[in-house]
Each structure stands twice: as C-alpha cells, then as structure tokens.
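Working notes for the structure below.
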Amino acid sequence: MDFTSAFFAKNRLNLLQKMKVNSVMILLSNNQYPKNGDQQFAFRQQSDLYYLTGITQEKTSLILYKNKKGDVFEYIFILKPDLRLETWEGKKLNKIEVETVSGINQVLWNSSFDRKIFDLVKVDTLIYLLGEDAFSQTTNLNLKHSSFEKKLENRFPNNKIESPRQILNQLRLIKSDEEIAMMQEAVDITNEAYKKVLSTVRPNQKEYEVEAEIFYNFRRLGANGHAYDPIVASGINACSLHYIKNNSLLKNGDLLLMDFGADYNYYAADLSRTIPVNGKFSSRQKELYQLVLEIQKKAILLFVPGNTIKIVNKKVNQWMKKELKEIGLLNKEEELQKYYPHGTSHFLGIDVHDVGNIEIPFEKGMVLTCEPGLYVENEALGIRIENDIVVGEPPLDLMSKTIRNIDEIEKAMEKNV
C-alpha cells in the first residue's frame, strides 16, 4: 500500500490555502547524523516535508510560494544523481521519479535552491520557516533548520519570519481516510508480530529474543521497522517506563510488558500488551491486569468530539484511584503517581508522539493512544494496555482485533510451555 501523488498534492493545496498572500514557505529535510567513523544513523525525513511531498531522500527541500494575486507555485529541490555517490550508497531519485511521487512538476537540483529564494523573496514577502519547530516535540539538537533561520535573518533582515507550525498542526491533527488506512496497515502488521510473540514466548528466553521476533515480522510484512525503540520489559524492568535495554532473562512467574509498533510508510502504530511469561496469570496478576483492562475499555469511550486529553487523564485518574483504594493497594497517604505516573493518551500519526497537546478538543478523524497502566515496584510488576483510537461517535479502535482479554492471551500461549 502506497500513497498516491494526489494525497501529497491535496496536503499542499490545503496548506497553500492557509498561507497568506505574498508569502513563501521553506521546508528542509532533517540532518544526517554521524554514527561512527564513516557511518551515519539511518536517515528519517522531516515529518512535515514527508507529509507534503512523500520524498524520503536526504538533502531535499520544498518551497511553496503564494504571490500577491493569490497564485501558487511549488518547487522541490533534490540531490543531483552522482555516479560516484551512487556507487557507494545506491541509486538516488531522478526528477521524473520525484515528480511521480510528489506530484510537483518543478523539480530542481539543490544547486539552484538559494537562487530561487532570492528570486521569490522581496522586501515585503512573509517567510514561513519552522526553525526550532521542525520537530513536534522540543529537542536540544543543533538543527540545520535553526541555523538556516539565522542565515535567512541575515540575508533578509527586514522580512518577517513566521513559524508555520500552527498551520501544519491544524492539517496533520485530523487524519484523512488515506492516513487512517495507512495506520490500520501499521496496526495490522504490529498485531501479526504480537501474535507471533504470543506463540513463542517462554521462560528462560532473553528479552532481546522477543524484540528480534517483533523486528523480523515487521520487516517480513513490509514495515520500515520499529516506529520507536521497543520496550520489552519483564518483571521489575516493567516499572521503568522507558526501559529499552531488553537484555534480561524472562523468569517463570513474571509478567512481560511490551510496548512496540510498526512504522509503515512513515505512519506509526503504538501497541502495549502485558502477558505472563509462562502463559498463565497468577491470581494477583489477574486481579491487577483486569483492573487496568476495565479502565481502558471505559477510557476508550471517552475519545469522542469535544473531549481532550486533559479530560481523559482526569477521568482515568479518578477511576484508577477509586479502584486501587478498593483493593487496598493505595492508602490515604499515597499519591496515585506512585502506581500510575504517566498520562493516558497522546496523539499519533507520522510521529509516534504526533502534533497536538493535552488541551486540544478532539475532532472526528484525530488519532490518539489509550494506555492506562499500573506499576507495583515492590511486587516487581508492571502492566500497560494500549490501543490506537480514531476519534468519532463512537470511537474507532484500530486495535480491536489485537487480543487483550486474559482468557484469549492464555489460550494463545497454552502450547508454549
């Protein structure tokens, strides 16, 4: 499954309609980061640039221009294919291929990028540039986006430079049918990997063997790989929320918390499941797991237009506090955060933690996670159950086929031990 050029063209048109007249928007690809010696970390395209072009190749730039009459123009800049470079790194995109993917017919080499900016930017032209807003979350990296902003400020000291982050967020928050279908594909691949894990996990494996099973099935089924570093946390490790060492032994009697998701065509799935290493929940594990599961099922119903993450968090915290007090786990002096230290939801899309914040009212087509958890450190026990939800009336659970009930999990694992 691939996006068509019409998808990216529609995204650009929606953006151009929101741009002011006599303005130019400049989007840059991400940096390439050195790994060691002559190697670099795997490149990932800047999310907004991908959303508008579909081009995943490094050293790509996009210029969108809207003149004083309201006429619009699109230009994309790419590496000029070089035989020596291709000998080492493989084939690079040519102009026809870029036009086919993006739908932009003005495909230019990077060498003409500066000249085109000088042609378009006049003394009264508004410049849209992301700068430090190039990522959906704050980062301390010295980004080329920020350095380019300083460069433009020096070249055009009298021009107003404005971040298009708010405009881009408005577009990216509500997912189109094509995007939801892509995310469903990412979810389906994630589900298949999860089913393989359920049929293979047993005591005395290492966490990294489970991680390897997940990655193998992601690649086998056509995903780019992990949408984020997977968490495969058994026993006490599950009480560390972002545990990614994944190198401990799976012990008989422990629970295994897994948080992983496939990246499919730059769209993410985000799944959390908690299973018994030996295939059978103890009575205590059942009690606490069922508590979390029932809260999750109720919480999913909150993903309707008009609610917010803040409202969801408040409701889930109330339910969690009530339930933990009833079973005697939470006493009057303790704070809920001891057992439930994270929020219930975040936006999901091209970025795993996608654009959006806790106070944005839900609208139909937004996609978020629903992931209540419970962490009891003195019992070496962590539970998290996470599904991906499309806001609607009723909400659409993209992971409705991904098993989570106790009897289903135990049945899927009964042949392992």
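The numbers here are math on the coordinates, done by the rules we state, and not lab data. Keep in mind that what you see is a predicted model, and the values were worked out from it rather than measured. Neighbour counts run over all protein chains shown; Cβ positions are idealised from the backbone, glycine included.
Details
- Dipole axis of the chain (+1 Lys, Arg; -1 Asp, Glu on Cβ), positive-most option in T200, L271, M182: M182
- Normalised contact order of the chain, rounded percent, pairs of Cα under 8 Å and 6 or more residues apart: 14
- Segments 297-307, 400-410, 232-242 sorted - mean Cβ within 10 Å per residue, highest first: 232-242, 297-307, 400-410
- Candidate values (i) 0.99; (ii) 0.97; (iii) 1.02, label of the one derived for Rg/Rh (Cα atoms, Kirkwood Rh): (iii)
- 3J(HN,Hα) from dihedral phi, the range 58-73, Karplus parametrisation 6.51/-1.76/1.60, rounded to Hz, x for glycine, proline: 5, 6, 10, 9, 10, 10, 10, 10, 10, 7, 5, 7, x, 6, 10, 9
- Dimensions of the range 262-369 based on its C-alpha atoms, expressed as ranges along the principal axes with the largest first, amount to 41, 34, 21 Å.
- Take every pair of alpha-carbon atoms less than 8 Å apart whose residues are at least six positions apart; their mean separation over the length of the range 204-270 yields a relative contact order of 40 percent.
- In degrees, nearest ten, helix 283-300 long axis to first principal axis of the chain (Cα): 40
- Global form of the range 174-413, assessed from the alpha-carbon gyration tensor, a/c cut-off 1.5: oblate
- Based on DSSP H segments of at least four residues, each scored -39500 (n - 2.57), the chain has a per-residue ellipticity at 222 nm of -11000 deg cm²/dmol.
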